[in-house]
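Written out below as C-alpha coordinates is the structure these notes cover.
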Amino acid sequence: MGRIFAVAESYPDLKANQNFLNLQIQLSELEQKIAMYRQFYNDTVMMYNRNVVTFPANIPAGLFGFIELPYFNITEQESIAPVITF
(Lines give C-alpha, C1' and ligand atoms only; values in the text may rest on other atoms or scores of the structure.)
Protein backbone atom coordinates (compact mmCIF):
# COMPACT_ATOMS: atom_id res chain seq x y z
CA MET A 1 0.00 0.00 0.00
CA GLY A 2 2.83 2.37 0.78
CA ARG A 3 4.14 2.17 -2.77
CA ILE A 4 0.76 3.09 -4.22
CA PHE A 5 0.53 6.15 -2.01
CA ALA A 6 4.11 7.09 -2.93
CA VAL A 7 3.25 6.88 -6.64
CA ALA A 8 0.23 9.09 -6.01
CA GLU A 9 2.42 11.70 -4.33
CA SER A 10 4.74 11.76 -7.34
CA TYR A 11 1.91 12.31 -9.80
CA PRO A 12 -0.56 15.00 -8.62
CA ASP A 13 -2.90 14.35 -11.58
CA LEU A 14 -3.11 10.69 -10.63
CA LYS A 15 -3.77 11.59 -7.02
CA ALA A 16 -6.74 13.75 -8.06
CA ASN A 17 -8.21 11.05 -10.32
CA GLN A 18 -11.39 9.68 -8.76
CA ASN A 19 -10.78 6.17 -10.11
CA PHE A 20 -7.35 6.06 -8.46
CA LEU A 21 -8.80 7.30 -5.18
CA ASN A 22 -11.45 4.57 -5.36
CA LEU A 23 -8.72 1.99 -6.01
CA GLN A 24 -6.81 3.13 -2.93
CA ILE A 25 -9.94 2.87 -0.79
CA GLN A 26 -10.83 -0.58 -2.14
CA LEU A 27 -7.30 -1.91 -1.58
CA SER A 28 -7.26 -0.58 1.98
CA GLU A 29 -10.64 -2.15 2.70
CA LEU A 30 -9.52 -5.46 1.18
CA GLU A 31 -6.39 -5.56 3.36
CA GLN A 32 -8.52 -4.87 6.44
CA LYS A 33 -11.00 -7.62 5.53
CA ILE A 34 -8.21 -10.14 4.96
CA ALA A 35 -6.71 -9.32 8.35
CA MET A 36 -10.11 -9.52 10.02
CA TYR A 37 -10.97 -12.91 8.49
CA ARG A 38 -7.51 -14.28 9.28
CA GLN A 39 -8.06 -13.32 12.91
CA PHE A 40 -11.57 -14.83 12.86
CA TYR A 41 -10.17 -18.11 11.49
CA ASN A 42 -7.42 -18.22 14.11
CA ASP A 43 -9.93 -17.49 16.89
CA THR A 44 -12.17 -20.29 15.65
CA VAL A 45 -9.22 -22.71 15.49
CA MET A 46 -8.24 -21.71 19.02
CA MET A 47 -11.73 -22.54 20.35
CA TYR A 48 -11.81 -25.81 18.40
CA ASN A 49 -8.36 -26.84 19.66
CA ARG A 50 -9.33 -25.97 23.21
CA ASN A 51 -12.32 -28.32 22.96
CA VAL A 52 -10.18 -31.10 21.47
CA VAL A 53 -7.78 -31.10 24.43
CA THR A 54 -9.92 -30.17 27.45
CA PHE A 55 -12.06 -32.47 29.55
CA PRO A 56 -14.88 -33.54 28.99
CA ALA A 57 -15.02 -32.51 25.31
CA ASN A 58 -11.77 -34.38 24.60
CA ILE A 59 -13.46 -37.75 25.21
CA PRO A 60 -15.82 -37.65 22.17
CA ALA A 61 -13.17 -35.74 20.21
CA GLY A 62 -10.74 -38.61 20.75
CA LEU A 63 -13.36 -41.22 19.93
CA PHE A 64 -14.21 -39.58 16.62
CA GLY A 65 -10.62 -38.79 15.66
CA PHE A 66 -10.65 -35.02 15.99
CA ILE A 67 -7.14 -33.57 16.09
CA GLU A 68 -5.77 -30.11 16.73
CA LEU A 69 -5.72 -27.82 13.70
CA PRO A 70 -2.88 -25.46 12.76
CA TYR A 71 -3.29 -21.70 12.91
CA PHE A 72 -3.14 -19.62 9.75
CA ASN A 73 0.36 -18.18 9.56
CA ILE A 74 2.07 -16.44 6.70
CA THR A 75 5.77 -16.26 6.03
CA GLU A 76 7.69 -13.05 5.53
CA GLN A 77 7.84 -13.77 1.78
CA GLU A 78 4.05 -14.20 1.61
CA SER A 79 3.44 -10.93 3.44
CA ILE A 80 5.17 -8.85 0.76
CA ALA A 81 2.56 -6.94 -1.24
CA PRO A 82 2.53 -7.43 -5.01
CA VAL A 83 3.96 -4.65 -7.14
CA ILE A 84 1.36 -2.58 -8.99
CA THR A 85 2.60 -0.48 -11.89
CA PHE A 86 0.73 2.34 -13.60
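Details
- Exposure check, 1.4 Å probe, all protein chains in place: residue 50 carries approximately 120 Å² of accessible surface.
- Annotation: residue 68 carries an accessible surface of approximately 110 Å², with a 1.4 Å probe and no ligand, DNA or RNA atoms counted.
- Surface composition of segment 30-86: carbon plus sulfur atoms hold 66% of the accessible area, using a 1.4 angstrom probe and ignoring ligands, DNA and RNA.
The values are calculated or read from the model by the stated rules, or taken from the named source; none is laboratory data. Quantities reported herein were computed from a predicted structural model and do not represent experimental measurements. When the accessible area is computed, the model is the full protein with side chains, heavy atoms only, and any ligands, DNA or RNA have been set aside. Shrake-Rupley method; radii C 1.70, N 1.55, O 1.52, S 1.80 Å.
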